[in-house]
Structures are given as C-alpha cells and as structure tokens.
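**Q** If you scroll down you'll find the structure; I have some questions about it.
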Amino acid sequence: MHQDIVPICAADIQDQLKKRFAYLSGGRGQDGSPVITFPDYPAFSEIPDKEFQDVMTYLTSIPSLQDAGIGFILVIDRRQDKWTSVKASVLRIAASFPANLQLVLVLRPTGFFQRTLSDIAFRFNRDDFKMKVPVIMLSSVPELHGYIDKSQLTEDLGGTLDYCHTRWLCHRTAIESFALMVKQTAQMLQSFGTELAETELPNDVQSTSSVLCAHMEKRDKAKEDMKLALTEGHSILQSIWAPLAEGTEHSMSQDQLDGQTTVQRLLAQLSETEAAFDKFWSKHQQKLEQCLQLRHFEQGFREVKAALDTVSQKIATFTDVGNSLAHAEHLLRDLATFEEKSNAAVQRACALSQEGERLIDSKHYAVDSIRPKCEELRHLCDQFAAEVGRRRGLLLKSLELHGLLETSMKWCDAGIYLLASQPVDKCQSQDGAEAALQEIERFLETGAENKIQELSKIYKEYESIMNQDLMEHVQKVFQKQESMEEMFHRRQASLKKLAAKQTRPVQPVAPRPEALTKSPCPSPGVRRGSENPSAEGSALRRGPYRRAKSEMSANRQGRSSSTGDEEESLAVLRRHVMNELLDTERAYVEELLCVLEGYAAEMENPLMAHLISTGLQHKKDILFGNMEEIYHFHNRIFLRELESYIDCPELVGRCFLERMEDFQIYEKYCQNKPRSESLWRQCSDCPFFQECQKKLDHKLSLDSYLLKPVQRITKYQLLLKEMLKYSKNCTGAEDLQEALSSILGILKAVNDSMHLIAITGYDGNLGDLGKLLMQGSFSVWTDHKKGHTKVKELARFKPMQRHLFLHEKAVLFCKKREENGEGYEKAPSYSYKQSLNMTAVGITENVKGDARKFEIWYNAREEVYIIQAPTPEIKAAWVNEIRKVLTSQLQACREASQHRALEQSQSLPLPTSPSTSPSRGTTRIVKKLEESKMDPLSLEGYISSASLPKPPEKGKGWSKTSHSPEAPEDDGGWSSAEEPINSSDAEEDGGGGPKKLVPGRYTVVLDDEKGGPDALVVRSGDVVEVVQEGAEGLWYVRDLSTSTEGWVPARSLSALLTTSGSAQGLSSSESSPRSAALSCSSSCSEGCPAPFPGLQG
C-alpha cells in the first residue's frame, strides 16, 4: 500500500536497473503472464536487499494491473552458476518478490557435476523451495521453450524477441518523465484556473491593466509548458516507433505496446486539459477585457462629465447681452469661440456614449452600470447644446435690437447732417425753401424702415433680453429719434412758411406831381411831402416793413436753428470718434488675447515642444515682455470704463486721467522691445511660429502683433486730439486737454527711457539722478578757467557732438554711438563722459553770434560749456526746463533756510556767520559795480538824448554790454551757486530814481503812439517783453502779439510779476542798475546762506 502511494520511477533506481540482474523483456506466457528474466549475474548475492527490493517492486509495477493479476513467470538463468548460488538466488527471489507468481523456471547449471549435485540437492531440499507456485528445474533451453514460446524469449534464451536493455531503460525514463510533466502541467493549470476564478476585478484602469497583463503572462507560460509536454510525448512515440521503421519484420513487445498506449493516453489527457484550459481562459480573458473596457468607460465618463460640468458652468456666466452692436457681435464671436473650444468635450462625450452602446450590444456583463451613464452623457450634451442655442438666440436677438438701434441712430445722425447741410441763406428764397422741404420729406419717408416705430412693441418683442441698461438705451434712442423728428417738423414748418410766402400785389398809385418835384428820392419824399397819406400809401409803406420784419425773424430763427444743428453735428462727430475708440480698443484686446493664447501659451504646450528651437526655450518673457499685464489692464479695466462713457464721449478724458498711472506699463514693454526684436530675428524661422501662425490663420507674422502695443499707445493721442477738436465748448474739454498732455508726456517718457537704457559706462544708479526731463543731441564747446591755453583756443573752433540727458539732479554728457544692425539693434548707444550736479550749475540764456547757443557753467564759471541746439525752439525749451529746475532748487533752499531761521528764533540767538553778513554782500555788490565801470565796453549803445537809442544786436539777450565767451565775468544767466542781494539800503537808494530794469513780461498801461522811427507804437493792455534797458527812461521791448520791437517809455509799462521781493529775486538782481546779468541764484547745499530781509517779503 505504501509503495502504491509513493511509486518508484526508473530515474530513481537508474543505477540499479543498469546492473541488469533482472529485467522485464516484454515477453508473455501462454496465458499472457509477464515474464521477468533473471540473467546470469555472478554478483547476484552481493546486491543489497534495498536495491533488490526496489528493482523487484519497479519491474512488477510496469505491466498493467490486468496482466499483473494473472501472475508473473520468472525465468532464472543459472546455467553458468553453481548450485549453491542457484539455491541462494531462488530462496532470495522467493522471499522478496512483491507480486503474484504463476511459475518459476530455473535453468540449472550445465556442468555434469553441478547438474548432478543440483538434482540430488533439489530432492533433499524440496521443502526449502516450497512456494505458492511450482518451481521447475530445467536442464536446457529447449525445455524452456516448452513452457514459453521462443517469440517471447530474448536471444540469450534462444528466443527471437528483440530486446535492448539500454533502449528499454531510456524509454521507461522518458515515459515516466513525460507522465510526471503531464501531471505537473495539469496541477499547474488547475492551480492557475483556481487563481483566475478567485481573482477580484479591480476598480481602476491601471490595476485592471496590470492584472490582465499578469494573467496573460502566466497563461503564456502555461501554454508554453503544455507545448513542451506535447512535444516530449510525440518525441517518445517516435522513439518507440523507430525500430518498426528500420524493418518490417520487427514487431513490438507487449511492454512496448503498453508504453505506446501510456504515452498516447497521456497525450490525449494533455490535449483535453489544454482544451479545457483554453475554454476557461477565453471566458476569463473576456471578462477581464470587459472589465478593462468598463474601467476605461468609467474613467472617460468621469473626465467627460467634469469637462461638461465646467463648460456648463462657463456657459452659465454668459449672461451679458451687450450694450452696443459691436459689443453684441463681440459676444457672439466669444460664444462661437467658446463653443468651438467646448466642441472637443461634447464630441468626446458623444463618442463615449457610442462606445457605451457598443459595449451594451456586445453583451457586456455590466450593462446595468453602462446604460445610465450613456443616458446621462446624452442628457448633458443635449443640455449644453440647448443652452448654447438659447444663448445664441438671445445674442442674435440682442444683435437684432442693437442693429435696429444703430440703424435708428444712423438715421438720426443722417437727419442731423441733413439739417446742418441746408444753408440758411438759400432757404430764405421760395425755391430754396421748397427744395429743402422736398429733401426733408424724402428723408422722412425713409424713416419707416430705419426708425423705431413703437416703443411698447420693442419691449414686448425683445422682452427676453431686456434689462434696465438696455431699456434705458432704447429709451434714449427713442427720445433722440423723437427729438430729431421734432427738429424736422419745426424745420418743415419754417420752410413751409417760407415756401408759401408770396409778395403782396401793390396797386400802382400815381404820385403827386409836387411830391415828385420836391424830392428825387421817392421814399423820403413820401414821408416828408405827405402829411396825410392815403390808405394806399400807408399800405405801401407798411408792406415792406412787415415783410422785412418777418424776414428778420426768420433769419434769427434760422441762425438759432443753425447753431443747434452745429451742436448736433459736433455731437455726432464726437460719437464717431468714440465709436472708433471703442471698436479699435476691442480689436486691440482681441489681438492681444490671440497672441497670448496662440503663441505665448503654446510655448508651454508639451505637444509643441518639439517645434521650439533651443535658442527660444524658456524665453517667453523676453519675447512677449509684459504683454499679459497690458492685456489684463485693457480687458478687465480700461475697456469696460471706456464703454461707460459711450453716451457722453466728451467726458472720456476723465477715463484717461484716472488710469494714467496704469499706462506706465507701456514703458516697461517698450524697454524690453529691443531684446524681443533681437530674439525674434534669431528665431523667426522656427517651425513653432509657422505652426502657430497656420493654426491662427494669420496673414501677418508674430512680429507685426508684437508691435501692436507700441502702435496703440501712440494711437490714443490722435483720438484724443480728434475728440478735443469736436469738444471745444463742452464740459470735459479741460479733461481732454489734460489727458492729451498726459498721454504725450507718457510717449515722451517712453521715448526718453528708450534712450536712457542705452547709456553705458555710468557707474552710479541713474535712478538716483531723479526724473529724466529732457534729452537730445547738441554741439558742445568747452572753456575751462583751469584748462590749458590750447584747450581754450580749440574750444572756439572744434565742437564736440554730445547727447545731453537733463535730470532733476544732474545733467549727463554722453557720446552717441550708432550700432550696426536692423530695427531696434540699430538704435544708438551712449557712452557716458561726464555729469554736472544741478546744485552747482548756472546758465546763460544768450550767447553772442548764434540764437541757438546757450551756456551751462559750473562752479562759478570754472567750467563753461557752450551748447548749440539744432533749432532756437529746442534751445528755448531746454533753457526753460533748466530754469524751472534751478527755480525749484532756489525755492526749496529758501524754504529750508526759513525753516532753520524759525528754529533758531525759538532758541538762543547764535552769532552771525561771516557768510551771511550784509556787509559782505554789499562788498560783493560794490566790487561788481567797480568791475562794470572798468569795462571798456560799458558805454557801448548809448546815444545822445536828442534821438532814440540804437536797437540792440540780436542774440545779446538781456545783456546791455557785449561779452565774448572768453570773458568769464558775470554774464547774463541763471545759477544755483549765488544768492541775489536785495538789501534794504539798495531799495531805499533806488526808490526815488528812475525805474530800474526788471526783466520779464509787462503790460502797457499808457498808450504811446508818438516817437521816433525806432519807437514802438503800443496801446493800453498790450503785453510786451523787455529786451534791453536804454537811456532817458526808455526800454527796448518786443510786442508778443505782433513780434515787432522798438523803444517805449518805462513809465508806460507795468510788470506782470512785481508782488514780492522773492519774485524780484527770481527776475533780476537789483544790486546793480547797470548789471548785465539776470541772476536768479540759490544754493541747495548745506551751507545755504540765510535769506536777507529784502528776500523775505
């Protein structure tokens, strides 16, 4: 029993079987009993019992149970052995044979002695050989043939059975190995099937895919093992059939037939197992694949539902119906764009729903889960389509309504134009009035198709889109339409009166002879010669009078109507400008959005990454600058605020003024433009740009759209100029003018900043120099006191070309250098040379010989720079700006000094420093007077009192005396290095003398129409500018209204700015009556002198 449980295999006892002390040849007895042969084996007695027992057990297990049940026939060949060995062998076999025995045939020894001995011994020891079966001693092989047929015996026993022990051993090993393989394969398949059957279906795509892949791998491995087993079985069959192929006379033994049957049975079993597994696997695989399909469907459903929910939420935000025709068109385009973008989600939902239907048709195991989701997807798609259709219907309604309103507005504007274009003078005639009346009637006939007929009908028809703002807009348009029609009716009434007016017939009355003789003039003769005029004469006189009065009344009415028509015309023009501003603003916002979405956002799209060149990667900020910031400002703020001024365009200047600081973002964009332009030229051939341009269907490349912000900021000033031109007498004219100035200031600041960033070589921070006020190119001569003589001489003949940058705190001198390149790369750069601190700078406004020159001097004229501007206007602008800087410095210094003086007055008195002593200031004045008296040119320009002074030479400015550039004396100029001296003594001395020269503008208070040939004829109220002080109380002035020059008495003039000593300090230095300097000076340094009493008034 135990041996049945653990059968022995040939591979386990292969070494013992190879000894061949017993073998199963495959022969059979007459009744089919298996024959086991014990050949002659000398060392039989030395075989261990365990090995002998294993071999016996194995050999008896090979035949079928039926054959083994008959019993075995043992053939013991001991022909070459001794009797003692025969006895021992028989006894050992009889004691250890594990199966039934039918017969034992012993070939006893063939030697005479041994045969005789065996006969005797067998008789005496018969009892020892008592067994369940008979033991027959055979003397020869022929006797053996009497028991077993020769065909069932091997050749060594005289038989014909073909037996090879080695081949038999190989077959047995292969068959048993194949049987084990089949068994293991079956067990593996059973275990795998159990695992598949017990596998729980995952709930996500990733896990389901992993399980399916793992099961597929295991299935492939099992199929490979089955394939190997089948191959092994067929190989064994081929080896069993091999002897038959060698010769037809060969026949297989029963054991070989049994082996063949075993292999064939195992192969059939393996095929059945494989077929059953394939059937099971097919169902399992289908279930897994359906599970994967379900998980994909569920995942897609979640994603599509989220996308549809998102677009549904977004479509719910499309509540605006537009406040104008352009706005409604814009909203329709936005809706179409949104629908196009949302179309991908809708199409995916439809495709997913169709996929679910296919799963249902394929009899998916989860039909109950798939069908509701498909229905929900269809419902969401239908709901979204219906909402989009509803929104489109509302917007189309809005577009239709705004079209009606726009048509009505245009009709009203056309009517106003018609009224404005009818000349009043031509309408006074009957023909002209009739022609104008016909024009009006023809125009009114067009109202049936252009104007709003019934307000209530409009409200009812467009009730679905009507909100408070739209209702007010409709009312305004309707009111305007009624107002325009009322104007037409008034004009009609006037024209009908003029057209119907006929000249009354006058009866011819013969005048009295005396009346004709008294006066050649009929009307005065009638009035004077007839004291009692007849009724006809009265009618004759009253007719023309009444007609004239009627015509005058009509003219007045026409003029008032013309004025109203002109105002309406201007209002229409303002609306046109406002519409252009809004339309271009909306188009600008759309273009920015198009660039940001079509180019900037695509640079971060992983699907487009392969098209972006290496030089373009991670450079979106360089290419687009702060365009996104500009877009958000215009889209979220500025455009909406502009739209709020659509009904009052003349007030749009306030919108610009309120957002003027936000426009500073354009300065950052323009400063980045050179870098952007350079990057574009390097990468313009990149396939990325070509693909984006193709998707956007743009005719122009990206660089054209990158220029849009620069073009837009310059467009505003043109539109503001147009709006200001049509709003001269409106409430918002001042705001428009201020907005225009501010926009121009931003453009100037942007332009200046473009130059400022091109400065190279400056070590400090340009931001510390204050605001950049002006910049420009000039010719510069230098003249320094401490310089070499040769430098002074060359300074007059060889100018340097310098680009000056005027800041609040310093003026920079740079050398302009042109760069090679194209576009922005061709922009110049500026090499820093030197700078002058404005606290130590002074100016001389006029330089001898050239009206374009002025001087900038430094540290009390230790360094003098003669500046030549391209034009006198540029020079005047620079001088005025520098004067403002110096004046502001002086004012700040004075305020600081007064503050310090106030603090000192509240504390203990301090001793007066030498620098603030009036005596020292007086000494400086006396010194200047002495220098002036010693000047050999100081008498130039004086003539006798009998004639007027000679007009001054051009270019000398305020100087009464001529100074060359080499003369560093106190030239006419503005400085921040000295304080003007206006002491009380000087004021008292000059109080009773002639009027002193105070440069500036004056008002004429006395008419002066007499004088010499060089005298200027002026009238009270004229404004003049003093050019030079002359003798005999005469001043040489320029009339600002006529630009004529000449001499006038000083007593005829009154200064425009003579209210305080401080103002006088800014206008002139009264310390010297003959001083040639207009020195308005201050010191902003720490050592600023305290103000004198004369400056504190």
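**Q** Once the other residues with Cβ under 13 Å from the Cβ of residue 400 are scored (Lys, Arg +1; Asp, Glu -1), what is the net sum?
**A** Counting the neighbours of residue 400, the net charge comes to -1.
**Q** HN-Hα J couplings of the stretch 771-782 from phi, Karplus 6.51/-1.76/1.60, θ = phi - 60°, integer Hz, Gly and Pro as x?
**A** So the Karplus estimates, Gly and Pro as x, are 5, 6, 8, 8, 8, x, 9, 9, 8, 10, 10, 10 Hz.
**Q** Points 7 angstrom from Cα along the Cβ direction at residue 874 and residue 831: gap in nanometres?
**A** My value for the distance between the label points is 2.1 nm.
**Q** Let me ask another. Between residue 800 and residues 5 or more places away or on another chain, which pairs have amide H atoms under 5 Å apart, with H built 1.01 Å from N, and which residues are they?
**A** Result for residue 800 returns 780, 781.
**Q** Just grab the label-to-label distance for residue 8 and residue 731, each label 7 Å out from Cα along the Cβ direction, in nm (one decimal).
**A** Between residue 8 and residue 731, the simple spin-label model gives 12.4 nm.
**Q** Of 695/748; 480/721; 18/221, which sit over 30 Å apart, Cα to Cα?
**A** Checking Cα-Cα distances, 695/748; 18/221 exceed 30 Å.
**Q** Moving on to the next point. Roughly speaking, what is the stretch gain from residue 201 to residue 66, that is 0.36 nm per residue apart minus the C-alpha to C-alpha distance, in nm to one decimal?
**A** Here the segment from residue 201 to residue 66 would lengthen by 43.6 nm.
**Q** Still on this structure: Can you send over the carbon and sulfur percentage of the accessible area for the stretch 694-767, probe radius 1.4 Å, protein chains only?
**A** About 51 percent, which is the carbon plus sulfur part of the accessible surface.
**Q** Further, regarding this structure: Which order do peptides 843-853, 160-170, 256-266 fall in by mean Cβ count within 10 Å, highest first?
**A** The peptides rank, most packed first, as 843-853, 256-266, 160-170.
**Q** While we're on this one: Between the stretch 316-390 and the stretch 415-487, what is the C-alpha centre distance in whole Å?
**A** 45
**Q** For the stretch 597-645, with all protein chains present and a 1.4 Å probe, just round the carbon and sulfur fraction of the accessible area to a whole percent.
**A** With neighbouring chains kept in place, the figure for the stretch 597-645 is 51 percent.
**Q** Roughly how many Å² is the accessible area per residue of the stretch 709-782, as a whole number, for a 1.4 Å probe?
**A** Accessible area per residue, the stretch 709-782: 46 Å².
**Q** Next question, about the same structure. How much accessible surface area, in Å² rounded to 10, belongs to the heavy atoms of residue 183 with a 1.4 Å probe?
**A** 120
**Q** Mind ordering 7-14, 393-400 by average Cβ neighbours within 10 Å, highest first?
**A** Sorting 7-14, 393-400 by mean packing, highest first, produces 393-400, 7-14.
**Q** With the dipole of the stretch 706-758 worked out from charges on the C-beta (+1 for Lys and Arg, -1 for Asp and Glu) around the Cα centre, which of 709, 740, 751 lies farthest toward the positive end?
**A** Toward the positive end, the furthest listed residue is 709.
**Q** Once phi is turned into θ = phi - 60°, what whole-Hz ³J(HN,Hα) does the Karplus curve with 6.51, -1.76 and 1.60 give for every residue of the stretch 591-602, x standing for Gly and Pro?
**A** Couplings: 5, 5, 4, 4, 5, 5, 7, x, 10, 4, 5, 5 Hz.
**Q** What FRET efficiency do you get for residue 697 and residue 209 if R0 is 41 Å and r is their Cβ-Cβ distance, rounded to the nearest 0.05?
**A** Between residue 697 and residue 209 the formula returns 0.50.
**Q** Give me the net charge of residue 451's neighbourhood, meaning all other residues with Cβ under 10 Å from the Cβ of residue 451; Lys, Arg count +1, Asp, Glu -1.
**A** Result for the neighbourhood of residue 451: -3.
**Q** I want to make sure I understand the PRE zone here: with the label point 7 angstrom from the Cα of residue 387 toward its beta carbon, which residues in the stretch 321-343 have backbone N atoms less than 20 Å away?
**A** Only 321-322, 331-343 fall inside the zone, counting backbone N under 20 Å.
**Q** How much length is gained if the chain between residue 396 and residue 1019 is pulled fully straight, taking 0.36 nm per residue apart and subtracting their Cα-Cα distance, in nm to one decimal?
**A** Extra length available between residue 396 and residue 1019 comes to 217.4 nm.
**Q** Okay, moving on. Grab the other residues whose beta carbon is less than 11 angstrom from that of residue 692, score K and R as +1, D and E as -1, and report the net.
**A** So the surrounding residues net to -2.
**Q** What number comes out for accessible area per residue over the stretch 394-503 if the probe is 1.4 Å? Units Å², please.
**A** Value returned for the stretch 394-503: 55 Å² of accessible area per residue.
**Q** May I pose another question? If amide H atoms are built 1.01 Å from N in the plane of the peptide, which residues on other chains or at least 5 residues away come under 5 Å of the amide H of residue 1001?
**A** Answer set, sorted by chain and number: 1056.
**Q** Name the residue farthest towards the positive end of the dipole of the stretch 328-451 from the options 388, 398, 331, assuming +1 on Cβ of Lys and Arg, -1 on Cβ of Asp and Glu, about the Cα centre.
**A** It is 388.
**Q** Explain nothing, just compute: Karplus ³J(HN,Hα) = 6.51 cos²θ - 1.76 cosθ + 1.60, θ = phi - 60°, for every residue of the stretch 320-325 in order, whole Hz, x for Gly and Pro.
**A** Once rounded to whole Hz, the list reads 6, 9, x, 10, 7, 5.
**Q** Moving to a separate point now. Collect residues whose amide H, placed 1.01 Å from N in the peptide plane, falls under 5 Å from the amide H of residue 25; neighbours closer than 5 in sequence don't count.
**A** For residue 25, the qualifying residues are 37.
**Q** Once the piece of chain linking residue 379 and residue 265 is laid out straight, how much longer is it, given 0.36 nm per residue of separation minus the C-alpha distance between them?
**A** 34.9 nm
**Q** Now for a different question. If each of residue 149 and residue 632 carries a label point 7 Å out from its Cα toward its Cβ, how far apart are those two points in nm?
**A** 10.8
**Q** Another question, if that's okay. Let me spell out the model: positive unit charges on the Cβ of Lys and Arg, negative unit charges on the Cβ of Asp and Glu, origin at the Cα centre of the stretch 205-265. What dipole size does that give, in debye rounded to 20?
**A** Value, rounded to 20: 460 debye.
**Q** Taking R0 as 45 Å, what FRET efficiency do you get between residue 358 and residue 714 from their Cβ-Cβ distance, rounded to the nearest 0.05?
**A** The formula returns an efficiency of 0.15 here.
**Q** Between residue 757 and residue 660, how high is the FRET efficiency from 1/(1 + (r/R0)^6) when r is the Cβ-Cβ distance and R₀ = 25 Å? Nearest 0.05.
**A** With R0 = 25 Å, the Cβ-Cβ based efficiency is 0.65.
**Q** Next question, about the same structure. Go through 147, 462, 858 and list them by solvent-accessible area, largest first, probe radius 1.4 Å.
**A** 147, 858, 462
The values are calculated or read from the model by the stated rules, or taken from the named source; none is laboratory data. Because the structure is predicted, anything quoted here is derived from the model rather than measured. Counting neighbours? That spans all protein chains shown, and the Cβs are built from the backbone with ideal geometry, glycine included. The accessibility values were calculated without ligands, DNA or RNA, using every heavy atom of the protein model including side chains. Shrake-Rupley method; radii C 1.70, N 1.55, O 1.52, S 1.80 Å.
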